[in-house]
1. Looking at the stretch 131-154, can you tell me whether even one residue there is closer than 28 Å to residue 87 by Cα and free of Cβ contacts under 8 Å to residues at least 12 places away in the same chain?
2. Could you look through the stretch 154-176, keep only residues that are outside any helix (DSSP H, G or I) and open to solvent by 40 Å² or more (accessible area, probe 1.4 Å), and pick out the one that is nearest to residue 32 (Cα to Cα)?
3. So for the stretch 133-147 (the condition being within 20 Å of residue 111 (Cα to Cα), modelled with pLDDT under 85 and of a type in the set (A, V, I, L, M)), does at least one residue qualify?
4. With among the small types (Gly, Ala, Ser) and either in contact with a Lys or Arg (Cβ under 6 Å, 6 or more places away or on another chain) or within 24 Å of residue 50 (Cβ to Cβ) (or both) as the only criterion, which of 108, 137, 141, 65 stands out?
5. Looking for whichever is more than 16 Å from the chain's Cα centre (by Cα), under 20 Å from residue 116 (Cβ atoms) and modelled with pLDDT of 90 or more here; the options are 45, 58, 92, 41. Which one fits?
6. Could you say whether any residue in the stretch 177-185 is surrounded by 14 or more Cβ atoms within 10 Å (Cβ to Cβ), at pLDDT below 90 and either assigned to a loop (DSSP other than H, G, I, E, B) or of a type in the set (Gly, Ala, Ser) (or both)?
7. Quick check, is residue 145 out of contact with any Phe, Trp or Tyr (no Cβ under 9 Å at 6 or more places or on another chain), open to solvent by 40 Å² or more (accessible area, probe 1.4 Å), within 27 Å of residue 189 (Cα to Cα) and assigned to a helix (DSSP H, G or I)?
8. Looking at the stretch 15-26, can you tell me whether even one residue there is surrounded by 18 or more Cβ atoms within 10 Å (Cβ to Cβ) and within 19 Å of residue 82 (Cα to Cα)?
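The values are calculated or read from the model by the stated rules, or taken from the named source; none is laboratory data. This one's a predicted model, so the numbers in the text were calculated from it and none came from an experiment. Don't worry about glycine lacking a Cβ; one is built from the backbone with ideal geometry, like all the others, and counts go over all protein chains shown. Protein only, heavy atoms only, side chains kept; ligands, DNA and RNA dropped before computing areas. Shrake-Rupley method; radii C 1.70, N 1.55, O 1.52, S 1.80 Å.
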Amino acid sequence: MIIAIDGPAASGKGTLGKRLAGHFGLRHLDTGLIYRAVAQALLDARHALDDRARAVIAATALDPAQFDEIALKSHPIGEAASIVSAIPEVRAALVAFQRDFGRTPPGAVLDGRDIGTVIFPDADVKIFVTATAEVRARRRAAELERAGDRVNEADVLADIRRRDERDSNRAAAPLKAAPDAHLLDTTELDIDAAYRAAVAIIEKYRR
């Protein structure tokens, strides 16, 4: 079984994906981290984020088992990843990686921005997770503070709006819900309520 979870930044899709994978005995991949890892590799080597050749090399050398999730989720890496993810050659290399991951038995839960539209348009279940920009900014600010970053929530909100605009209007695999995706608005839901709603959606498919 392949479950595709898409949505904008800080909508809660990553936490949801982990819990669903554990519940249904599937593997989990936060696809945003692989783009962040490419960005981090470029920054660590002091290469330009738009250096296509270097970015492709970094994309083909990834090892998710070595990811430092806390470091990868820092604000600067997130901003850099949004730039790197727009490079078509990088996307091609990482699309192949994601498809191989999902097709490996027993299946997987993949969360990102284009799983149900580009990576697995034939996924068994597609869920598009969303929330208002203000709620997402509050969540992201809290997450960054837990990671040790000092942030201003207004700045985080402005950044989220910029990323929404860029991700929704980019030429390569823009952020959008698949026509057959189930919409899950988490604006008024905590993670437990969102999790229960998602399980209900998947169980309905399984029945």
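1. Checked the stretch 131-154: no residue is closer than 28 Å to residue 87 by Cα and free of Cβ contacts under 8 Å to residues at least 12 places away in the same chain.
2. Among them, the one singled out is 176.
3. There is at least one residue in the stretch 133-147 that is within 20 Å of residue 111 (Cα to Cα), modelled with pLDDT under 85 and of a type in the set (A, V, I, L, M).
4. 108
5. Details: 45 fails: under 20 Å from residue 116 (Cβ atoms); 58 fails: under 20 Å from residue 116 (Cβ atoms); 41 fails: under 20 Å from residue 116 (Cβ atoms).
Exactly one residue qualifies, and that residue is 92.
6. no
7. In short, yes.
8. No, the stretch 15-26 contains no residue that is surrounded by 18 or more Cβ atoms within 10 Å (Cβ to Cβ) and within 19 Å of residue 82 (Cα to Cα).
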